[in-house]
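To start, the structure under review is shown below, and the notes come after it.
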Amino acid sequence: MGKQKKTQKVKKQRNAQLKRLMKPTDSRLKEQLREKRKKAEDPHQVKVHEATQQSSALFFQYNTQLGPPYHIVLDTNFINFSIKSKLDIVQGMMDCLYAKCIPYISDCVRAELEKLGNKYKLALRIISDPRFERLPCLHKGTYADDCIIERVRQHKCYIVATNDKDLKNRIRKIPGVPIMYVAAHKYAIERMPEAYGVKA
């Protein structure tokens, strides 16, 4: 019997300690640590939904800004895969799209290739070709994926050339942007409007 009384006493002490603890909404707590109670929502208040503005280049999913000469933004690994497959980048693009192609290299991609060192000297020499246009970057850092995504969101006139799975998945969420990639020792294109006679 005495043991049971002891356990009841311990339980009471624990409960008293819990009661002594302050509630997270207590006014005696500092402003930063205090949790604020949520106000009840007014059912009559007009709800505002913000939607991102759609590009005027799109007719539903169809991108009207795409057309020859094609502007193609290259990613680092696309250049490396092209070298491994022994493909001439400009010629390969023309064989894929049957039209004139202008390859673009952003400052981030160039910086990434420079970081990779001597092993990728050939890639740097290839992108130094005068046929490759240079895209200046205004942001901080040299992470090419975010740079390409941001550029493609703003201007819908580009095709993105990449073999990176994560980047491909991110681009697929943006409507009207085709993806070029290396497959079976040649270039293939995904999500290209068939009106221009190009099929993946």
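The values are calculated or read from the model by the stated rules, or taken from the named source; none is laboratory data. All values reported here derive from a predicted model rather than from experimental measurement. Here Cβ is always computed from backbone atoms with ideal geometry, including for glycine, and neighbour counts include all displayed protein chains. Just the protein is used for accessible areas: all its heavy atoms, side chains included, with ligands, DNA and RNA removed. Shrake-Rupley method; radii C 1.70, N 1.55, O 1.52, S 1.80 Å.
Grab the DSSP H runs of the chain that are 4 residues or longer, score each as -39,500 (n - 2.57), total them, divide by all residues and round the 222 nm result to the nearest 500 deg cm²/dmol.
The helix contribution divided over the chain gives -10500 deg cm²/dmol.
Which FRET efficiency, nearest 0.05, do D107 and Q65 yield, Cβ-Cβ r, R0 30 Å? So, using R0 = 30 Å, E works out to roughly 0.80. Counting only protein heavy atoms and a probe of 1.4 Å, the accessible surface of region 45-166 is 53% carbon and sulfur.
Taking the C-alpha atoms only, the angle from helix 144-154 to the longest principal axis of the chain is near 80 degrees. Taking all C-alpha pairs of region 95-156, those more than 15 Å from each other amount to 57 percent.
Considering only A51, A123, A183, the mean-square fluctuation computed in a Gaussian network model of the chain, springs between alpha carbons under 10 angstrom, is largest for A51.
Under 5 Å from the amide H of L135 lie the amide H atoms of I105, S106, D107, each residue being 5 or more positions distant or on a separate chain, with H modelled from the backbone and absent for Pro and chain starts. The value obtained for the chain, namely the Cα convex hull volume divided by the number of residues, is 308 Å³ per residue. With viscosity 1.002 mPa s and temperature 20 °C, the Kirkwood radius over alpha carbon pairs of region 109-200 converts through Stokes-Einstein to a diffusion coefficient of 144 µm²/s. Between 0 and 90 degrees, the angle of helix 2-20 with respect to the longest Cα principal axis of the chain falls at about 60 degrees.
Accessible area per residue for region 13-114 is 78 Å², calculated with a 1.4 Å probe on protein heavy atoms, without ligands, DNA or RNA.
With a sphere of radius 13 Å drawn around the Cβ of Q53, what net charge do the other residues whose Cβ falls strictly inside it have (Lys, Arg +1; Asp, Glu -1)? All intermediate terms of the calculation are to be shown ahead of the outcome.
Working: positive: R153, K156; negative: E50.
Net charge in that neighbourhood comes out at +1.
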